[in-house]
1. Given a 1.4 angstrom probe, what's the average accessible area per residue across the chain, in square angstrom?
2. Ordered by packing density, taken as the mean number of other Cβ atoms within 10 Å over each peptide's residues, highest first, how do 43-54, 293-304 rank?
3. What FRET efficiency, computed as 1/(1 + (r/R0)^6) with R0 = 56 Å and r the Cβ-Cβ distance, is obtained for Ser129 and Arg259, rounded to the nearest 0.05?
4. Can you give the FRET efficiency to the nearest 0.05 for Thr307 and Val84, using r as the Cβ-Cβ distance and R₀ = 41 Å?
5. When you have a sec, figure out the Kirkwood radius of segment 147-305 from all distinct Cα pair distances and drop it here in Å to one decimal?
6. Give me the extension gain from Ile41 to Gln173: residue separation times 0.36 nm, minus the current Cα-Cα distance, reported in nm with one decimal.
7. By the gyration tensor of its Cα atoms, with a ≥ b ≥ c the square roots of the eigenvalues, what is the shape of the chain: rounded for a/c under 1.5, prolate for a/b over b/c, or oblate?
8. Given the pairs Lys102/Lys311; Lys141/Lys226; Lys102/Lys141; Lys122/Lys235; Lys141/Lys235, which are separated by over 30 angstrom at their Cα positions?
Amino acid sequence: LWLMSSYRAWTCLLISFVLLVSVPAVGQVRPGSVAGTGVVIPVHNLRLRSLLVAAVRDGLPGVSLRVTGPGIDFQGAAGVANTVDGEVLTTRHALYAASLGKTFAVVVVLQLCEEGLLDLDKPVTSWLSAEEAGRIPSSEKITLRHLLSHTSGLPGYMNDAEAWRHDFVREPQRQWTHRAIIPYLYDRPLLFEPGTDYHYSNSNYILAGEIIERVTGQPLHTMIRKRVLTPLGLKQTFSGAETCVNYKCAHGYFRRRGRIIDSYPWYSHYGLANAGIHSTPGDLGVFIRSLFTTRKLLSERLRAEMTKASKLGHPPSEYGLGILVGTGPGCMGRWYANRGVDPGYQADMMYFPEIDLTIALSANASLGNATRVYGRLVAAVMRTAQDAVCVK
């Protein structure tokens with residue numbers, strides 16, 4: 001949520017990380033071991049399994065991974081879903097995916113644009129009340145495209161101010177709505193004129209989420225389920241607004257002032273457009289690959305809109321509409337990705353269309369050493385995967 005202020009550092013890491021691989025493994029695991037089945041296990045699978053075990057040994061409570069591509073099909077999990085009772089983390093446990101929820105929200109927006117209910121280049125004043133528009137500076141210049149590409153100039157209600165964070169900590173189990181957060185955006189000067197620069201701001205997606213709900217008359221989580229989850233058959237994915245009732249959910253952990261804090265109570269019910277999706281790497285992999293290889297979600301025209309990076313800012317932004325767009329070395333070619341980080345959780349999903357490679361990874365810890373361990377794991381997974389796909 002408020003911790004993910006920029007994707008640029010992660011983009012540089014992705015470009016420098018290159019080299020990937022894997023194959024099958026599903027099932028439950030003992031803490032410190034990896035889920036897996038199969039008689040003959042490819043060497044790259046063994047490597048991926050050992051990486052998961054090592055990440056748990058180095059401090060992550062649990063981690064789950066899915067890799068698919070030409071000759072690659074790996075699915076595994078290691079560690080625990082709950083450190084209190086030692087519940088084993090499996091590949092069927094949903095983990096909070098933070099900002100990966102933005103990609104799901106953008107798919108809904110683009111579908112509504114296709115249907116003529118929304119327009120990327122209309123100002124947000126088309127859907128806001130006169131009072132709301134009057135209290136958001138230059139709102140008549142801010143378009144839906146600016147919101148989705150983080151080029152509106154709106155300061156972040158999480159990262160750039162204290163008010164909402166104070167209220168969130170005071171009521172951590174409150175089920176926030178987009179409408180309830182909009183007043184936190186009032187009367188705050190823009191960081192720059194709309195369309196002239198890039199600044200990652202969760203405020204953008206709060207406005208976008210509220211606009212979705214106003215034009216459809218339905219909660220965002222209903223639209224995501226109807227338009228994304230059901231068409232793709234994603235069974236272990238839900239919005240926090242639906243609550244974790246029919247799912248196996250993993251708790252998330254971070255260290256603050258010497259204490260280990262379980263952030264699951266914060267996010268178990270969080271379901272806004274800037275975050276809120278809970279999923280498994282298996283489902284996340286299906287989602288991002290389907291997004292770019294089928295027309296179940298978007299037409300070619302709308303995919304082109306989604307992957308058009310603004311190139312604003314210094315260095316130029318590689319953020320399109322809810323998705324990062326870049327190029328890797330060697331055989332990797334183009335990639336589409338998104339990353340989510342909040343206290344207690346980290347998640348990544350990426351797709352490399354030129355080699356048809358998908359990687360999705362989640363961990364139930366963040367900040368400090370957990371972030372360092374997770375970063376090394378992502379790098380090692382990518383190196384292993386590239387080895388398998390690129391080396392013939």
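1. Accessible area per residue: 37 Å².
2. 43-54, 293-304
3. 0.85
4. On the way: r = 42 Å, r/R0 = 1.03.
Using R0 = 41 Å, I get an efficiency of 0.45.
5. 17.4
6. On the way: separation 132, 0.36 × 132 = 47.52 nm, distance 4.41 nm.
Here the answer is 43.1 nm.
7. It comes out prolate by the Cα gyration axes.
8. Lys141/Lys226; Lys122/Lys235; Lys141/Lys235
The values are calculated or read from the model by the stated rules, or taken from the named source; none is laboratory data. Just so it is clear, the model here is predicted, and its values are computed rather than measured. With ideal geometry, Cβ positions are generated from the backbone for all residues, glycine too; neighbour counts draw on all protein chains shown. Just the protein is used for accessible areas: all its heavy atoms, side chains included, with ligands, DNA and RNA removed. Shrake-Rupley method; radii C 1.70, N 1.55, O 1.52, S 1.80 Å.
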